[in-house]
Amino acid sequence: MKDQSPIGMNRTGVQMSPFDTSPMQSGLPQSGSAPVSSDGEAMAEMRRSYVEEAEPLGSVPVPGTIKGAMTTGFSMLTGNQPQLLLDKLGERLAFERTGTRLYDALIAKFEASGHSGTSMTVEDLRKIRADEARHFAIVANAIESVGGDPTSQTPCADLVGVESSGLMQAVTDPRMAISQSLHAILMAEMADQSGWEMLIRLAEDQGQSSMTPDFQVALSEERVHLQLVQTWFEEATLGASVSG
């Protein structure tokens with residue numbers, strides 16, 4: 001794989017066009033153009049109107065089975081919020097699906113590059129990928145255990161899909177070096193650990209402590225993933241610095 005940070009003809013900085021730099025920095029409009037407000041008030045007002053008029057991101061679906069309806073109804077009668085738990089379960093399900101795909105992409109890039117300059121091996125990556133797929137199954141089973149539908153997309157699942165799309169683009173981009181891809185994976189693993197911690201607390205708060213043993217296993221494995229990826233990222237980055 002090519003050097004992750006080569007020196008080349010990068011034309012993005014203002015120093016590449018010194019003739020235009022002074023007018024830009026002075027804030028003066030270009031000749032013939034109308035003055036432009038720089039206080040951002042118009043933009044802020046437009047955003048406020050969008051927020052006020054926007055519909056919710058989505059909804060948690062009504063249980064489609066008798067068991068689900070009874071479970072949800074009983075939970076609400078006891079003062080719990082089953083819709084909140086289902087929403088966060090949907091979020092974790094979506095994230096674990098993305099995690100599996102992220103490692104699929106990293107495995108492909110690792111095998112194509114031939115060398116990453118780290119202690120990472122393809123066996124390591126396949127093990128983590130298998131863990132992510134198993135975590136997906138754990139959450140799907142948990143959703144079904146309370147009468148939910150794991151194929152539905154909850155609001156938080158929708159949110160996670162939008163958030164993680166950038167991570168997926170970074171890892172699948174063939175221009176990204178292994179170290180750069182590991183940076184994206186590291187961000188995913190940090191969010192993954194936090195997500196499991198929150199889900200465990202929520203399940204216990206909502207009277208679903210039977211879920212937590214499997215969730216605790218997943219959290220322990222995610223902590224190992226995070227430590228490994230952190231190490232590989234540092235090796236790739238610092239190794240490139242030393243070799244450079």
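Annotation note: of E189, E197, E204, the sole residue that is in a helix (DSSP H, G or I) and either among the hydrophobic types (A, V, I, L, M, F, W, C) or under 24 Å from L238 (Cβ atoms) (or both) is E189. Here T72 meets the list (1) at pLDDT below 95; (2) surrounded by 18 or more Cβ atoms within 10 Å (Cβ to Cβ); (3) over 22 Å from D214 (Cα atoms) almost entirely, failing just condition (3). Taken together, the residues in segment 213-229 that are in contact with a helix residue (DSSP H, G or I) (Cβ under 6 Å, 6 or more places away or on another chain) and under 16 Å from L102 (Cα atoms) amount to 4. In segment 220-241, the residues that are outside any helix (DSSP H, G or I) form no Cβ pair under 7 Å with any partner that is modelled with pLDDT of 95 or more, whether six or more places apart or across chains. In the condition set (1) more than 19 Å from S179 (Cα to Cα); (2) assigned to a helix (DSSP H, G or I); (3) modelled with pLDDT under 95, P150 is compliant with all but (2).
Check segment 234-242 and report whether any residue there is hydroxyl-bearing (S, T, Y) and at pLDDT 95 or above. Within segment 234-242, none of the residues are hydroxyl-bearing (S, T, Y) and at pLDDT 95 or above. Output the residues belonging to segment 162-212 that are more than 16 Å from H135 (Cα to Cα) and acidic (D, E). Listed by number, the residues that qualify are E163, D173, E204, D205. Filtering segment 150-168 for residues that are closer than 30 Å to G239 by Cβ, touching a residue at least 40 places away in the same chain (Cβ under 8 Å) and buried (at least 20 other Cβ atoms within 10 Å of the Cβ) leaves a non-empty set. Scanning segment 169-185 for residues that are under 13 Å from the mean Cα position of the chain (by Cα) and surrounded by 17 or more Cβ atoms within 10 Å (Cβ to Cβ) yields A170, V171, H183, A184, I185. Being at pLDDT 95 or above, among the aliphatic types (A, V, I, L, M), closer than 23 Å to M198 by Cα and within 17 Å of the chain's Cα centre (by Cα) narrows it down to one residue among A137, A94, A130; which is it? So the residue among A137, A94, A130 that is at pLDDT 95 or above, among the aliphatic types (A, V, I, L, M), closer than 23 Å to M198 by Cα and within 17 Å of the chain's Cα centre (by Cα) is A94.
Yes or no: segment 211-220 includes at least one residue that is surrounded by 13 or more Cβ atoms within 10 Å (Cβ to Cβ), under 21 Å from V122 (Cα atoms) and β-branched (V, I, T). No, the conditions are met nowhere in segment 211-220. Residue under question is V171, and the condition is that it be among the β-branched types (V, I, T), touching a residue at least 24 places away in the same chain (Cβ under 8 Å), in contact with an Asp or Glu (Cβ under 8 Å, 6 or more places away or on another chain) and outside any loop (DSSP other than H, G, I, E, B); does it hold? Against the criterion (among the β-branched types (V, I, T), touching a residue at least 24 places away in the same chain (Cβ under 8 Å), in contact with an Asp or Glu (Cβ under 8 Å, 6 or more places away or on another chain) and outside any loop (DSSP other than H, G, I, E, B)), V171 does not qualify. Annotation: G32 fulfils all but one of (1) loosely packed, with under 10 Cβ neighbours inside 10 Å; (2) assigned to a helix (DSSP H, G or I); (3) at pLDDT below 70; (4) not hydroxyl-bearing (S, T, Y); the unmet one is (2). Does A157 satisfy the criteria of being farther than 23 Å from S220 by Cβ, part of a helix (DSSP H, G or I) and touching an Asp or Glu at 6+ places or on another chain (Cβ under 9 Å)? Here the answer is yes, as A157 does meet what is asked.
The values are calculated or read from the model by the stated rules, or taken from the named source; none is laboratory data. Here the structure is a predicted model, which means the values were calculated and not measured. Cβ coordinates were reconstructed from backbone atoms using ideal geometry, including for glycine residues, and neighbour counts include every protein chain displayed.
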